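Since the structure comes first, as structure tokens, the remarks are kept for the end.
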Amino acid sequence: TIPLSTMFSRQALRTIVSRAAACGSVRSYSATSNLQDRVVVAVGGNALQRRGDRLTIENMLVAAAEMAPTIATLHNEHEVVLCHGNGPQVGELALERSNATFDVLGAESMGQIGYVLAQAMASQGVNACPIICQVVVDAQSDAFKNPTKFVGPVYGSKEAHALGQSLGWTFKPDGEYYRRVVPSPLPDEILQIDAIKTLLESDSKDLVIACGGGGVPVSRVPSCPSTLQGVEAVIDKDMCSSKLAVEINADGFIVLTDGGGIWKNFGKPDAKEMALVTPEYLLGTKAGKNFPGSMGPKIEAAIKFVQES
């Protein structure tokens, strides 16, 4: 059963985490920390870029400062690894430098967001350690045939059509607006996983920030697997965060969204947000199937964490 601490609004964070901590657990990993649980928290890139706001460093700093006290409270009670999205930020960078590849733009956005989050956490007395992670993907994945990952700002239909014509970009509806979409292959291997584990298993009290933006997408050259090359894609941060949570034997996986949790009978008069759900129910009802670029991957990531933990 998935307690929907895996997916909820920021306002519910303290209540749900406290409830989860009360359950207690036996660690299945090595650590010197006396904190109760190891928790991976995935924060969307939209948490630093509110809809309607201009994407500026100033606005990102303000949004991060608003988020920091809640993350700090969680960090003080649990062993936390923080992951973040980068959709709006990497899309904005792509607008500035349309000739740059998404692996490079992704790395740039991770450094930028990691710095902003680290500065915000420092104001709460928490030292953060952002790690730029390379994540291996299958360069022949079917994901490249059907781009689904939203990046960049929202546009009206006319502006999206004009950009698509001039730059060759693909756009899809995102609510009442349109956003650019790019391929989003599944993460196969987190190359910096040992470094993450080393930090967690030390006596450091630093907050680890890892797998930002789903990691920098790379693939192995078939003729020489030790050689890596960048891939033109953006890995879904929830899928990568879920994989990270499994690999570090996390006790909990939390996805913070700006749209609430999972709803039964979504869009109908009797719709109700659920508190508990099973993977079987989600798979049976094909929850999130109509939202492949937003809620869909979050639900899939939650299911994978429960099934593979």
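Scanning region 109-124 for residues being open to solvent by 70 Å² or more (accessible area, probe 1.4 Å) and either in a helix (DSSP H, G or I) or touching a Leu at 6+ places or on another chain (Cβ under 8 Å) (or both) gives a total of 2. In region 292-306, the residues that are on the phi < 0 side of the Ramachandran plot and in a helix (DSSP H, G or I) form Cβ pairs under 9 Å with partners that are buried (at least 20 other Cβ atoms within 10 Å of the Cβ) and aromatic (Phe, Trp, Tyr), at six or more places apart or across chains, as follows: Ala301/Phe253; Ala302/Phe253; Phe305/Phe253; Val306/Phe253.
In summary, Asp174 fulfils each of the numbered conditions (1) over 20 Å from the mean Cα position of the chain (by Cα); (2) charged (D, E, K, R); (3) surrounded by 12 or more Cβ atoms within 10 Å (Cβ to Cβ) with the single exception of condition (1).
Give the number of residues within region 125-166 that are more than 18 Å from the chain's Cα centre (by Cα) and open to solvent by 80 Å² or more (accessible area, probe 1.4 Å). Of the residues in that region, 10 qualify. Residue pairs whose Cβ atoms lie under 8 Å apart, sitting 6 or more positions apart in sequence or on different chains, and linking a residue in region 95-108 that is at pLDDT 90 or above and in a loop (DSSP other than H, G, I, E, B) to a partner that is open to solvent by less than 20 Å² (accessible area, probe 1.4 Å) and among the charged types (D, E, K, R), do not occur here. Within the option set Ala233, Ala250, Ala275, being buried (at least 22 other Cβ atoms within 10 Å of the Cβ), of a type outside the set (Ser, Thr, Tyr), touching a residue at least 40 places away in the same chain (Cβ under 8 Å) and within 23 Å of His78 (Cβ to Cβ) holds for one residue only, Ala250. Residues that are open to solvent by 50 Å² or more (accessible area, probe 1.4 Å), within 27 Å of Trp169 (Cα to Cα) and not charged (D, E, K, R): does region 77-92 have at least one? No, every residue in region 77-92 fails to be open to solvent by 50 Å² or more (accessible area, probe 1.4 Å), within 27 Å of Trp169 (Cα to Cα) and not charged (D, E, K, R).
Taking the criterion of being of a type in the set (A, V, I, L, M) and in a helix (DSSP H, G or I), the residues of region 251-291 that qualify are Leu282, Leu283. Of the numbered criteria (1) over 16 Å from Asp236 (Cβ atoms); (2) open to solvent by less than 20 Å² (accessible area, probe 1.4 Å); (3) part of a helix (DSSP H, G or I), the one Thr73 fails is (2).
The values are calculated or read from the model by the stated rules, or taken from the named source; none is laboratory data. What you see is a predicted model, and the numbers here were worked out from it, not measured in a lab. Using ideal geometry, Cβ is built from the backbone for each residue, glycine included, and neighbour counts are taken over all protein chains shown. Note: accessible area is taken over every heavy atom of the protein model, side chains too, but ligands, DNA and RNA are not part of it. Shrake-Rupley method; radii C 1.70, N 1.55, O 1.52, S 1.80 Å.
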